[in-house]
Ligand SMILES: [Fe+2]
């Protein structure tokens with residue numbers, strides 16, 4: 001059995017690690033898969049450089065971390081395969097809506113456990129990075145008074161808070177958007193979540209999808225959220241990843257938030273995205 005000496009190198013103090021001495025196309029032992037799931041639990045986002053994966057191989061690698069989920073977003077699909085989303089930007093398709101701190105699909109009843117993103121074609125100048133932030137580290141740094149204030153509160157999350165910035169995006173998929181909106185009304189989520197695998201407490205509000213805290217006066221809710229929304233932007237909570245073609249990133253969508261860096265327009269960038277649920281429960 002190959003890949004018995006997987007190496008995990010920490011790349012950020014709060015989160016992030018590179019995984020070496022592994023070829024994701026190899027047949028991996030149960031022990032190797034458990035090592036990878038543990039690495040994701042420990043580091044919240046992990047990077048596999050120098051892989052050479054076709055879309056099906058990306059899906060297979062992603063299944064290590066949980067059962068695949070069909071897409072519920074408006075990214076294009078590969079050959080109508082809803083499990084592979086294409087994230088392609090160029091001069092005609094500027095990046096839209098992802099250059100803002102968020103966890104994916106927190107407006108859904110059951111947001112995904114995580115996501116894999118594979119770099120296929122990149123600008124040649126090192127632009128187009130992605131930044132992740134640890135929301136367990138953000139929680140840990142709160143005062144005990146703030147932790148107890150937030151405990152038990154819920155906040156409403158909604159898909160369409162930022163519609164104004166997505167006009168072009170929605171023009172391409174207006175009908176799908178309306179369908180989607182009717183199936184996904186605003187939903188309350190706990191402000192503090194306990195991670196189902198690690199038991200860590202997680203700050204679970206983000207400036208892209210969180211509208212207000214339930215039961216608080218409007219100004220108080222705005223003030224508290226404004227403070228909490230600043231926390232992923234703190235450098236000590238972050239790891240910034242400069243992509244190389246052939247790198248697969250896998251992140252824990254409960255424990256982290258992320259933002260694209262839209263500095264590569266109008267150059268071409270192509271990534272493929274696969275989403276998984278189950279928080280590490282393999283199919
Ligand atoms: Fe995202």
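The values are calculated or read from the model by the stated rules, or taken from the named source; none is laboratory data. As the structure is a prediction and not an experimental result, all values here were calculated from the model. Every residue, glycine as well, gets a Cβ built from its backbone with ideal geometry; the counts of neighbours run over all protein chains shown.
Numerical summary
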quantity: Segment 40-64: number of residues that are assigned to a loop (DSSP other than H, G, I, E, B) and in contact with a helix residue (DSSP H, G or I) (Cβ under 6 Å, 6 or more places away or on another chain); calculated: 1
quantity: Filter pass, residue 88 being surrounded by fewer than 18 Cβ atoms within 10 Å (Cβ to Cβ), within 22 Å of residue 247 (Cβ to Cβ) and within 16 Å of the ligand (Cβ to nearest atom); calculated: yes
quantity: Hits in segment 91-111 - residues which are more than 10 Å from the ligand (Cβ to nearest atom) and in contact with a helix residue (DSSP H, G or I) (Cβ under 7 Å, 6 or more places away or on another chain); calculated: 96
quantity: Filter result (assigned to a loop (DSSP other than H, G, I, E, B), farther than 30 Å from residue 224 by Cβ and either modelled with pLDDT under 95 or under 16 Å from the mean Cα position of the chain (by Cα) (or both)) within segment 94-122; calculated: 94
quantity: Segment 116-160: number of residues that are touching a helix residue (DSSP H, G or I) at 6+ places or on another chain (Cβ under 8 Å) and within 15 Å of the ligand (Cβ to nearest atom); calculated: 5
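Yes or no, residue by residue, for (1) closer than 13 Å to residue 246 by Cα; (2) surrounded by fewer than 13 Cβ atoms within 10 Å (Cβ to Cβ):
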| site | (1), (2) |
| --- | --- |
| 11 | no, no |
| 14 | no, no |
| 26 | no, yes |
| 32 | no, no |
| 37 | no, no |
| 40 | no, no |
| 44 | no, no |
| 47 | yes, no |
| 52 | yes, yes |
